[in-house]
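Heads up, the thing below is written out as structure tokens.
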Amino acid sequence: MTRIKTTTRATTTKQETTVKTTTTEQESTVEATTNEQETTTRATTTEQETTVKTTTTEQETTVEATTTEQETTVEATTTEQTAIARVPPLNKP
């Protein structure tokens, strides 16, 4: 009996991707001397962080196949054959 066992393992490691986007604060000041007007414009973008995690667990597949031993016996018997030929004597004139 022959036993065959095949094990296949597939493993994907954990992947983590982090994307950070940072925009600095911008400040613009415009001063006009007439009647002393001051305009201040501020634009602020907050920091954005995106994290993507991908996790795949280990997968294991086991295949077992059992093959039984097969034995085939062929017997052939040939009998002996004997042939006897008789030739009659020639007639002489």
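Tallying residues that are more than 30 Å from T13 (Cα to Cα) and surrounded by 10 or more Cβ atoms within 10 Å (Cβ to Cβ) within the range 44-89 yields 1.
Across the range 16-44, which residue is modelled with the lowest pLDDT among those that are under 30 Å from T55 (Cβ atoms) and in contact with a Ser or Thr (Cβ under 6 Å, 6 or more places away or on another chain)? Give the derivation first.
Residues of the range 16-44 under 30 Å from T55 (Cβ atoms): 16-22.
Still in the running and in contact with a Ser or Thr (Cβ under 6 Å, 6 or more places away or on another chain): 18-19.
Working: T18: 76, V19: 72.
Checked the range 16-44; the qualifying residue modelled with the lowest pLDDT is V19.
Filtering the range 1-14 to residues that are surrounded by 10 or more Cβ atoms within 10 Å (Cβ to Cβ) and at pLDDT 75 or above leaves nothing.
For the range 1-15, taking the residues that are touching a Ser or Thr at 6+ places or on another chain (Cβ under 7 Å) and part of a loop (DSSP other than H, G, I, E, B), the one that is nearest to V52 (Cα to Cα) is identified as K14.
The values are calculated or read from the model by the stated rules, or taken from the named source; none is laboratory data. Quantities reported herein were computed from a predicted structural model and do not represent experimental measurements. Glycine gets a Cβ as well: all are built from the backbone with ideal geometry, and neighbour counts include every protein chain shown.
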